[in-house]
1. Counting pairs on different chains as well as pairs 8 or more places apart, how many Lys pairs in region 1-159 have Cα atoms under 24 Å apart?
2. Could you size up the charge dipole of region 5-167 around its Cα centre, putting +1 on the beta carbon of Lys and Arg and -1 on that of Asp and Glu, and report it in debye to the nearest 20?
3. Determine the dipole magnitude for region 173-302: charges of +1 sit on the beta-carbon of Lys and Arg, -1 on that of Asp and Glu, nothing else is charged, the reference point is the Cα centre, and the result goes in debye to the nearest 20.
4. What's the magnitude of the charge dipole for the chain around its Cα centre, counting Lys and Arg as +1 and Asp and Glu as -1 at the beta-carbon? Answer in Debye, nearest 20.
5. Rounded, prolate or oblate: pick one for region 173-302, where a ≥ b ≥ c are the square roots of the eigenvalues of its C-alpha gyration tensor, a/c under 1.5 means rounded, and failing that, prolate if a/b is larger than b/c, else oblate.
6. For region 10-155, what proportion of DSSP beta bridges, expressed in % and rounded to the nearest 5, is antiparallel?
7. State the dimensionless ratio Rg/Rh of region 5-167 (Rg: radius of gyration of Cα atoms; Rh: Kirkwood radius).
8. Using alpha carbon centroids, what distance separates region 126-161 and region 85-120, in Å?
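No lab work stands behind these numbers, since they all come straight from the coordinates. Everything numeric here is computed off the predicted structure, so don't read it as measured data. Here the Cβ is made from the backbone with ideal geometry for all residues, glycine too, and neighbour counts use every protein chain on show.
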Amino acid sequence: MSIDRVEVIAPATIANLGSGFDVFGIALKEPYDVIGAKRVSEPGVRIVDVTGVGANRVALDTKRNTASVAASEVLKRGNAEFGLDISIRKGVRPCSGMGSSGASAAGGAFAANLLLDKQMSLSDLAICAALGEQASSGTLHADNVAPSLYGGFTIIRSYDPLEVVNVAPPASLGIVAALPDIMVSTKDARGLLPKSVEMRKLVHTVGQASSLAVGMSRGDVQLIGRSVSDVIIEPVRAPLVPHLKEAEAAAMKAGAVASFLGGSGPCVASFFDLSILDGKAIGEAVRRVFESKGVKVDVWVDGWGKGCRRV
């Protein structure tokens, strides 16, 4: 017997991870969005409620809301003969660099899929969620929706066709996500991207990204830490996040193996080894940098997390 309503958790994510622009992403344990979906006889998808952090910044237009666009795509591809009423409880603040629109898109696709008579694969859902993400950012990118769906560390091997490689990161990989009270929209951040890249910077980035992927698969936290250096994207986006470099330096001094701009920012993400320290000092060090400048900041200290799942 088919179910008629579901509620799912869709985790926040950190994309790029320094050297993997539009390719790498990792799921967090917290924060997360909660997406509710109810089958209704009327065709189409409706947004019936949006609450939580930054709810006033979430589009209610179903053609621009990432959850509704992704869910609509799932219904279309699944030949569904019903519609959906969707509610969104935001735990991931919009304009955070922590995959806010991606979490809602992944959650919308995942929830809609659970209500289909014949469910689709995660790879198919990733396409639907990426189309939802496109409605918000203006470009199709899957580096946030993929880890939110799959969990762990994901690599976008190809965008045409979309192919996601999912890897379980080292159990000892700790993550600090610090979110200052600064707004950076993905669309604005993407507008700063360079049109061309010097060969030496390209070679550096390929080496960094390759060794980061190896570090993830080998369980080598130190190699991961040495492999996030970004000489292409972060330098042009850094001016959008005041005190970024100071915060990164403070995290490294407190024991992080790497510290970098999370996604498009303003999130400051840091990796550390859970087998050596608990990461709290890293979070507090970054917090002190921003609060000393009069900027409020939220900090999460934990390991990596699972993907979308039913509550």
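1. 8
2. Magnitude of the dipole: close to 300 debye.
3. The calculated dipole for region 173-302 is roughly 360 debye.
4. Computed about the Cα centre, the dipole is about 220 debye.
5. oblate
6. 70 percent
7. 0.94
8. Here the two parts' Cα centres lie 12 Å apart.
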